[in-house]
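Following: one structure in structure tokens, then a few remarks.
The values are calculated or read from the model by the stated rules, or taken from the named source; none is laboratory data. No experiment lies behind these values; they were computed from the predicted model shown. Here the Cβ positions follow ideal geometry from the backbone for every residue, glycine too, while neighbour counts run over all protein chains shown. Just so you know, the surface numbers come from the protein's heavy atoms only, side chains and all, with ligands and any DNA or RNA stripped out. Shrake-Rupley method; radii C 1.70, N 1.55, O 1.52, S 1.80 Å.
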Amino acid sequence: MLVRDNHEDTMLHLAGRLAPRIKLDLVPGAALQMQLYVLSCKKWRNKYRPCLRRAKNKSGETPAMVFTREHEKLVEEGQKWMKDTANSCTIVVALIVTVVFAAAITVPGGSDNTGLPIFSKKTAFIAFAVSDAISLFTSTTSLLMFLSILTSRCAESDFLYVLPKRLIIGLSTLFLSITTMMVAFSATLYLSFGHDKLWILIPVAVLASLLVTSFVSLQFPLLVDLISTTYGPGIFGKQNDRPFY
């Protein structure tokens, strides 16, 4: 026998209702709030018998219909937050792709008569080549991830695993591309103006490290929250991307 209240709501109907705003504010970002709600309803869904998923209340609504109605505004806010974040990062990544690609075809110091780079045997040139290639590949990957978010349908179930996964990959590769880009920039300055003087490399490396550190300190907390809520045990156990309802 199903346990219902005066409105014929089951436990899954009640689990699908939106929590008070004071509870929502405990989770940063509308997308992470939506992720928590989808995970919570999956937990309740797995706890009770399958017949509860199809049960209707007095209004003729199933638990999935109640969830969709109650969270319609939150889905819109989460979609806006996701796409605004992806759009902002896309601009940065596009600039990085342009810079590192131009650096790859503009070899520091030029080439000799045979077409080989003049500094090809120097350690700094190898560091430049490797870091520039890594920056190009990671920034391109990051750009593809952010573009996939911008073109995503942003359905309710996507907030559980699909969208956070893409954002995690995009931010992680963005951090790596910025770091390697600064390594390539420092190596280029050393090759062009250092004249084998190590003391010139030190202030350049320090300034590059400050830039990378400042960017990571601003965005790293978001990445940690995404990883912990998507791949960590969280408050409801390990997540997966099984269909919702």
Kindly establish whether PHE67 is open to solvent by 30 Å² or more (accessible area, probe 1.4 Å) and either at pLDDT 85 or above or among the hydrophobic types (A, V, I, L, M, F, W, C) (or both). no
Could you grab me the full set of residues in segment 83-117 that are within 18 Å of ALA187 (Cβ to Cβ) and surrounded by 12 or more Cβ atoms within 10 Å (Cβ to Cβ)? ILE96, VAL99, VAL100, PHE101, ALA103, ALA104, VAL107, PRO108, GLY109, SER111, PRO117
Scan segment 121-134 for residues that are open to solvent by 50 Å² or more (accessible area, probe 1.4 Å) and either closer than 23 Å to THR179 by Cα or of a type in the set (Asp, Glu) (or both) and jot them down. LYS122, THR123, ILE126, VAL130, ILE134
Return yes when SER152 is more than 13 Å from the chain's Cα centre (by Cα), open to solvent by 50 Å² or more (accessible area, probe 1.4 Å) and of a type outside the set (Val, Ile, Thr) and no when it is not. no
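Residue-by-condition table, conditions (1) modelled with pLDDT of 80 or more; (2) under 30 Å from LEU74 (Cα atoms); (3) not β-branched (Val, Ile, Thr):
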position	(1), (2), (3)
ILE126	yes, no, no
ALA129	yes, no, yes
LEU150	yes, yes, yes
GLU156	no, yes, yes
SER177	yes, no, yes
One residue is enough: does segment 218-227 have a residue meeting the conditions at pLDDT 80 or above, over 17 Å from THR85 (Cβ atoms) and of a type outside the set (Phe, Trp, Tyr)? no
Please enumerate the residues belonging to segment 203-224 that are under 24 Å from PRO108 (Cβ atoms), open to solvent by less than 70 Å² (accessible area, probe 1.4 Å) and within 26 Å of the chain's Cα centre (by Cα). ALA208, SER209, VAL212
Can you tell me which residue among ILE227, ILE200, ILE169, ILE178 is out of contact with any Cys (no Cβ under 8 Å at 6 or more places or on another chain), open to solvent by less than 30 Å² (accessible area, probe 1.4 Å) and not hydroxyl-bearing (Ser, Thr, Tyr)? ILE178
Any residue that is touching a residue at least 40 places away in the same chain (Cβ under 8 Å) and under 21 Å from TYR231 (Cβ atoms) - is there at least one of those in segment 127-144? yes
